[in-house]
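Read through the structure below, which is laid out as structure tokens, and then see the notes.
The values are calculated or read from the model by the stated rules, or taken from the named source; none is laboratory data. In this text, all values refer to a predicted model and were calculated from it rather than measured experimentally. For neighbour counting, all protein chains shown are included, and Cβ atoms are generated from backbone atoms with ideal geometry for every residue, glycine included. To get the accessible areas, we keep the full protein, side chains included, count just its heavy atoms, and leave off ligands, DNA and RNA. Shrake-Rupley method; radii C 1.70, N 1.55, O 1.52, S 1.80 Å.
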Amino acid sequence: MSGLRAQNKADKEARILEAAWALFVERGYDATTVREIAQRAGVAQGTVFVYAQDKQDLLATLFAARLGAVVESAFATLPPGVSLLDALMHVFTSFMRFYAQDTRLARSVVRGVLFLEGPAAERMERLNRPFLGQVAGLFAQAQAQGLARAELVPFVAALNAFAAYFMALAAWLNGLLPSLPAAEAQLRLALEHQLLGVLLPSASTIELPTQQGAAP
């Protein structure tokens, strides 16, 4: 009986998440209600709140799962021996191109992620912290090879790089930058300037590890 209950719970959660994603894509996040999600999933409205605190939590759950796959792919496909700048661009533009698949939903995610609370905030933190650790690993490897300054704090450098990415992403989604290529160009310029204070003059490439980090 416990196995059947667990399976039933998993099935309901899958139906709710599938319904939420379909409606968010079809109607947009703001126009979708929890009642509509429940109706599409074939469950009572109160059942939705068993699996998510609110609609924002559903969106965070959906994107955390998908972004985890993007993280895994981005690090798994890093070309060996590229510059630190190109490695960072490869990782961060993977996210930008993912968001480009549905910019309407992406705007809802970016707008909401700044003010997440409760389970939604915890879920994104479980994704972000390991990801930033992997980005910090790129800086640490450059440092270990004598390409970056000895006083560099890799995790702080990763936070700065993420901030540059997030600003370029937000500017594009808000219409301040006209296109994805413009956002990528803005990000590259920002990272280039950041790395001026990080890398030593002799730094041109980094040797990436044979085994890349797994997604969080």
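Note that the range 85-101 has calculated 3J(HN,Hα) couplings of 4, 5, 5, 5, 5, 4, 5, 6, 6, 4, 5, 4, 6, 5, 5, 5, 5 Hz, one per residue in order, obtained from phi through the Karplus relation 6.51 cos²θ - 1.76 cosθ + 1.60 (θ = phi - 60°); glycine and proline are x. Would you mind telling me which residue in Gln101, Gln134, Gln186 has the biggest mean-square fluctuation in a Gaussian network model of the chain, where springs connect alpha carbons within a distance under 10 angstrom? Sorting by GNM fluctuation, first place goes to Gln101. For the range 55-197, carbon and sulfur atoms together expose 60% of the accessible surface, with a 1.4 angstrom probe and every protein chain in place. The largest-to-smallest principal axis extents of the Cα set in the chain are 63, 44, 27 Å.
When all alpha carbon pairs of the range 7-52 are counted in 10 Å bins from zero, the resulting P(r) reads 31, 58, 11, 0 %.
Just how large is the dipole of the chain about the Cα centre, in debye to the nearest 20, putting +1 at every Lys and Arg Cβ and -1 at every Asp and Glu Cβ?
Values: 18 positive and 18 negative charges, 97 e Å.
Result for the chain is approximately 460 debye, rounded to the nearest 20.
Whole Å is fine, so just give me how far the alpha carbon centre of the range 29-93 lies from that of the range 103-157. What the calculation gives is 15 Å, centre to centre. Amide H to amide H distances under 5 Å link Ala148 with Gln143, Leu200, where only residues 5 or more positions off or on other chains count and H is placed in the peptide plane. Of Ser83, Ser73, the residue with the largest accessible area leads and the full order is Ser73, Ser83 (1.4 Å probe).
State in Å² the accessible area per residue of the range 7-52; use a 1.4 Å probe, count heavy atoms of protein chains only, and round to the nearest integer. Walk me through the numbers on the way to the answer.
Working: 2520 Å² over 46 residues.
That works out to 55 Å² for each residue.
Of the three principal axes defined by the Cα atoms of the range 132-208, the extents in descending order read 40, 23, 20 Å. Taking all Cα pairs closer than 8 Å and separated by 6 or more residues, the relative contact order of the chain comes to 26 percent. Evaluated with a Cβ-only charge set (Lys, Arg +1; Asp, Glu -1), the range 7-52 carries a dipole of roughly 140 debye about its Cα centre, given to the nearest 20.
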